[in-house]
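Written below as structure tokens is the structure these notes are about.
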Amino acid sequence: MTTTHLAHNQVQLALHQLRAGTGRPLLLLHGLGERAPTTPPDHVAGWPGPVHALDFTGHGDSTVPRCGGYTAELLMADVDIALAHLGEATILGRGLGGYIAILIAGARPELVRGVVVDDGPGLHGGPSGPTEAVVLMPDDTRGDGPPDPYAIVELATDTRTADYAVTFVRHAAERSGLDQPITVVARIRPDWLAGVVDHLGGKPTTVEDALARYAAG
Amino acid sequence: MDGDVDDEVRQVRAAVPLARRPDRQRWVHAGAARLSVWEWGDADAPPLLVAHGGFDFAGTLDVFAPMLAAGGWRVVSWDQRGHGDSDHAPIYSWSSDVRDSLAVFDSIGTDPLPVVGHSKGGNLMLELAEAQPYRFRTMVNLDGIPTGANAPDVSERDRTKLLSGELAAWLDHRRRLAGHRRRPDTLDGLAKRRAVMNPRLSIDWLRYLVTVGGRRDADGWRWKTDPALRLGGFGPRRPEWGLRNLAGIGVPFLGVLGTEPDPMGWGTREGDVGGLLPRHGEVVQLDGVGHFVHIEKPREVADLVLEFVAR
């Protein structure tokens, strides 16, 4: 594994190359509280190109700010910094990483050549509408290492609505040129993701099959 | 706290004779972020907290706060993260601003406080008053009540195109941030640039603000505000959700609205909030005044606040 550090404002993002190769890269996005794997997972073994994995802000080998300020949109920009380095990529996201993958697919449809959304930590997120106001304080007792406790608090409780997520899906569908720019293989479907699946339609599939389709496209 | 000022700054500040720099500055830590807290008035007077609006800083209260202090209050405010002299944080969010404000509350004590918030600061306080009502004795909101202002004549598809442009522009902005510094300018240049956002405020006042919220480097003046911060934005939350916090406020509430169109204004009118006013709430609408009610009419608004908190 080799690691490149990319600057996103004051944050140094760790982008790991798990497997070298030629052709379009596959970019792996981890779940909330996780970090990038050190070797390619078995279910991406069939991907023909290089495999990379990003540590989000506050996770893994990326900077841990420890002051709060996490949003899904910030993590979307983390991925965009990685895409500025990698160029066109296909993205496989776990949990929170799956939600972020949908956002970046809609925001940079010219760079994202297919997204696969898998189960994982942080898939659910917070409420889907206005709710009781509450100020959550992070568990600051684990020392300085990752993951950032503020990330856990803020990204487990962020608002996620189906219409917001579907807006990004619609961007991806209209501007990526792909027939099916987003594939949901996650079995757990919170309201926002159920809305995405309703919008997408399509048949159930697996990570392997979805990646094979994007590799061929 | 006029500090180490030279003739240029002294001359600019003299053009706003009612302005007075705070009497004290101190630091508060919110996680790893260091916040600059400012105070006007007798240190032993009862505290009154003021939250500034987005892209402002505590120094924008240099006329208003001394008027409140002269009414017998220890006026406490702070530069929100990324603003004024507070740290440029690596990341920003609404919830981090709410949490930062708690650190400032905690630095004052545990008794409930009279609180004044302008614009974003008012909206932050609306949310906090629902989450932690025990921190509030009274609340004054200066043109910071959010409503669902939108563009109903824009079709959904057009809105989709509009949003895609916003998304790309925002991501491009994020790509440029590493190592980015604001463009240097003259003191007058910075004041004129701010006039685009604050066209109703006098150029003397805007020049004054440069001497407080700006920094003079070897190559010119720059605003201290973190260039990572950007007007506008997008996300799943809808601004009008903040309005839902209004109805349940249990302490005396005063809303002060400006009616004149203003680039930074929220467009909220008395009729938008009347149905959701809390039981002990009232709204005063100031005609002929824009978004910065406390800057355009400091004496009038300070008197409203002083009379309200004295009840």
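Rule-based calculations on the coordinates, nothing more; no lab input. Since the structure is predicted, the reported quantities are computational estimates derived from the model, not experimental observations. Cβ sites come from the backbone with ideal geometry, for glycine too, and all protein chains shown count toward neighbours.
Once both labels are positioned 7 Å from their Cα atoms along Cα-to-Cβ, the gap between B:E240 and B:E166 label points is 1.5 nm.
Hey, what did the range B:163-223 get for relative contact order, percent, Cα under 8 Å, at least 6 apart? Relative contact order comes out at 36 percent.
For chymotrypsin sites (Phe, Trp or Tyr not before Pro), no site in the range A:143-181 is both called loop by DSSP and has at most 10 other Cβ atoms within 10 Å.
What the Cβ-Cβ distance of B:R24 and B:L306 gives, at R0 = 30 Å and to the nearest 0.05, is a FRET efficiency of 0.90.
Applying a DSSP loop filter and a limit of 14 other Cβ atoms within 10 Å to the trypsin sites (Lys or Arg not before Pro) in the range A:168-213 leaves A:R187.
The alpha carbon gyration tensor of chain B gives principal lengths a ≥ b ≥ c with a/c below 1.5, which makes the shape rounded.
At R0 = 41 Å, how high is the FRET efficiency between B:V5 and B:H173 if r is their beta carbon distance? Nearest 0.05 is fine. Approximately 0.75, to the nearest 0.05. Here's the picture: charge each Lys and Arg Cβ at +1 and each Asp and Glu Cβ at -1 in chain B, and of B:P263, B:L231, B:G189 the one pushed furthest to the positive end of that dipole is B:L231.
Using r as the Cβ-Cβ distance of B:L276 and A:E88, and R0 as 51 Å, what FRET efficiency do you calculate, to the nearest 0.05? According to the calculation, E is roughly 0.55.
When only the Cβ of Lys, Arg, Asp and Glu is charged (+1, +1, -1, -1), the dipole of the protein assembly as shown relative to its Cα centre reaches about 760 debye.
Considering only alpha-carbon pairs that sit under 8 angstrom and 6 or more positions apart, the relative contact order computed for chain A is 21 percent. Taking the centroid of alpha carbons for each part, the range B:26-105 and the range A:6-48 are 41 Å apart.
Only one residue of B:V289, B:W94, B:G213 has its Cα farthest out toward the positive end of the dipole of chain B, where Lys and Arg carry +1 and Asp and Glu -1 on Cβ, and that residue is B:W94.
Percent relative contact order of chain B, based on C-alpha pairs within less than 8 angstrom and at least six residues apart? About 19 percent, as a whole number. Distance between the modelled labels on B:D217 and B:D204, one decimal in nanometres: 3.2 nm (7 Å Cα→Cβ projection). Count Lys and Arg as plus one, Asp and Glu as minus one, and take only other residues whose Cβ is under 12 Å from that of A:G49; the net charge is then +2. Taking the empirical scaling 2.2 N^0.38 Å for compact globular proteins as reference, the protein assembly as shown has a Cα radius of gyration ratio of 1.03. Across peptide B:94-101, the mean count of Cβ atoms from other chains lying within 10 Å of each residue's own Cβ comes to 5. Counting Lys and Arg as +1 and Asp and Glu as -1 over every other residue whose Cβ lies under 13 Å from the Cβ of A:A162, the net charge comes to 0.
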